[in-house]
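One structure is given here, and the rest of the page talks about it.
A short reminder: the numbers here are calculations on the coordinates, not readings from a lab. Bear in mind that the values here come from a model prediction, so they are computed numbers and not experimental data. Glycine gets a Cβ as well: all are built from the backbone with ideal geometry, and neighbour counts include every protein chain shown.
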Amino acid sequence: PTTPPPLTAPGPSTPQPRGAGAGLDLAVVSASTARVLCAGGLVRATTNTASSWTDSGTASGAVALAVPSASPSQTYVALLDAPGCAGVQVKRVDQSVATSCIATAVPKDPGLIALSVVDGGGWVTPGDMTMRSTDKLATRSVS
């Protein structure tokens, strides 16, 4: 949404996960573990059912995030306007080198890019097109 609602968890005094900026995307890893992407690129994590949140990295320009269930310590993001990528770039938050660049038109409205990552590949959906990779996000095909 253009104006995202507050992100909260059940309970009377759950702290907000986003230190600075609105929450853009949420990845639930387990019943107690999740990550949230905040406006400005801050990624925050909880391992105690949202009782507290810690910074787990930054990815300036990120609009979506995903956490592979086979590797829950890793966080991937979809970036827009990344240097050298005319489209959507997929990058692991804790690495300096991007995984891949998907040369495509970028939707203008917020919330129209989705990312899902699994062991060995993933999907990126910019607008009404879905792109899939089956070689650890090195290349992609249109689905």
Equivalent-ellipsoid semi-axes of segment 15-116, from the Cα gyration tensor, Å, largest first: 23, 14, 12
Along principal axes, Cα extents of segment 75-143, largest first, whole Å: 28, 26, 18
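How would you rank 28-36, 63-71, highest first, on the average number of other Cβ atoms within 10 Å across their residues?
Working: 28-36: 15.7, 63-71: 18.9.
Top of the packing list down: 63-71, 28-36.
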For segment 33-50 and segment 63-81, write down the distance between their C-alpha centroids in whole Å. 11 Å
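Can you check what the net charge comes to around THR58, using other residues whose Cβ is under 12 Å from the Cβ of THR58 (Lys, Arg +1; Asp, Glu -1)? List each step's numbers first, then the result.
Working: positive: ARG44, LYS91; negative: ASP55, ASP94.
So the environment of THR58 carries a net charge of 0.
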Pull out the extension gain between ALA103 and GLN74, defined as 0.36 nm times the separation in residues minus the alpha carbon to alpha carbon distance; nm, one decimal. 8.0 nm
